[in-house]
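The values are calculated or read from the model by the stated rules, or taken from the named source; none is laboratory data. The shown structure was predicted, so the numbers you read here are calculated from the model rather than taken from an experiment. Counting neighbours? That spans all protein chains shown, and the Cβs are built from the backbone with ideal geometry, glycine included. Note: accessible area is taken over every heavy atom of the protein model, side chains too, but ligands, DNA and RNA are not part of it. Shrake-Rupley method; radii C 1.70, N 1.55, O 1.52, S 1.80 Å.
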Amino acid sequence: MRFPSSSNFRRVGSEHRPLRNLYRSDHLGALDAHDAEQIGRLGISRVLDFRGVDERCGAECRLSGVTVHSLPIEPTIVQKLSDMVAAGHRLTAGDMVGHMQDTYRGFVRNNTPRFAEFFQHLLASGEPTVFHCTAGKDRTGFAAALLLKAVGAPDDEVLADYLLTNDRLELPQQSRLGLPREAMLVLWRVQPEFLQAALAEADRQYGSLEGYLREGLGLREPERAELRRLYL
């Protein structure tokens, strides 16, 4: 399923292991009436929005009849890059990879309570749900990877779901934030190294991904069994 105004909207998981009633997306503030109607046919009643405060302004969800829960994770990389460009730095593709890895490490270091809250919503009911950030690739991509691991998906399926973003998002024709084209190519896509940086940080802080799921996110076996019951 693909929508012109929401090009990163899709079901979570693979064709071999699709999750029931769960969808991931870029933001829902630019949907036209046709796209909103199509998505509405899925029966979605709950939206989990990872965007920061400023991101939500002027781009409110255009789906009707849904409950929107804000789980704000501020996009700190945008300000960091803007400051560096303003200071005269010309960022290379290699620089951008490093900054994106730091962003993903920050998901574990600084935003674990938000991702725990995400799972609390999912455990509260199995109603049709879409979760998203702005582009649907980083905050959303990490959340989807955690969810798939929590229900027992193998690493190759987790990575395939994550990398599918690269087939869905169209690179803007003009550079943004004053970045050179080579840096934009990194910022606007996802790489295995980004996700691996977050998983390595989870290992460092919690001993393993299993430890992170259990201690950081509160997903012990009863909670994971409930996720499987609700969504597999």
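Just give me the residues in segment 64-90 being open to solvent by less than 70 Å² (accessible area, probe 1.4 Å) and either assigned to a helix (DSSP H, G or I) or modelled with pLDDT of 95 or more (or both), in sequence order.
Val66, His69, Ser70, Leu71, Pro72, Ile73, Ile77, Val78, Leu81, Ser82, Met84, Val85
Please enumerate the residues belonging to segment 158-201 that are of a type in the set (Asp, Glu) and more than 24 Å from Gly106 (Cα to Cα).
Across segment 158-201, the qualifying residues are Asp167, Glu170.
Is it the case that segment 129-141 has a residue that's open to solvent by less than 60 Å² (accessible area, probe 1.4 Å), over 23 Å from Cys61 (Cα atoms) and at pLDDT 95 or above?
No: zero hits.
Yes or no: segment 105-125 includes at least one residue that is surrounded by fewer than 21 Cβ atoms within 10 Å (Cβ to Cβ), among the β-branched types (Val, Ile, Thr) and assigned to a helix (DSSP H, G or I).
Yes, there is a match, as at least one residue in segment 105-125 is surrounded by fewer than 21 Cβ atoms within 10 Å (Cβ to Cβ), among the β-branched types (Val, Ile, Thr) and assigned to a helix (DSSP H, G or I).
Take Ala153 and tell me if it is under 21 Å from Gly211 (Cβ atoms) and under 13 Å from the mean Cα position of the chain (by Cα).
It is false that Ala153 is under 21 Å from Gly211 (Cβ atoms) and under 13 Å from the mean Cα position of the chain (by Cα).
Within 21 Å of Asp138 (Cα to Cα), open to solvent by 50 Å² or more (accessible area, probe 1.4 Å), part of a loop (DSSP other than H, G, I, E, B) and not aromatic (Phe, Trp, Tyr) - does that describe any residue in segment 43-56?
no
Does any residue in segment 215-232 that is over 13 Å from Leu22 (Cα atoms) come within less than 6 Å, Cβ to Cβ, of a residue that is part of a loop (DSSP other than H, G, I, E, B) and modelled with pLDDT of 95 or more six or more places away or on a different chain, and which pairs are these?
That search, which allows pairs on different chains as well, returns nothing.
Condition check ((1) closer than 21 Å to Arg17 by Cβ; (2) in contact (Cβ under 8 Å) with a residue 24 or more places away in the chain; (3) in contact with a helix residue (DSSP H, G or I) (Cβ under 9 Å, 6 or more places away or on another chain)) across all residues:
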site: His99; (1), (2), (3): no, no, yes
site: Asn111; (1), (2), (3): no, yes, yes
site: Arg114; (1), (2), (3): no, yes, yes
site: Glu117; (1), (2), (3): no, yes, no
site: Pro128; (1), (2), (3): yes, yes, no
site: Lys137; (1), (2), (3): yes, yes, yes
site: Ala143; (1), (2), (3): yes, yes, yes
site: Leu147; (1), (2), (3): yes, yes, yes
site: Leu164; (1), (2), (3): yes, yes, no
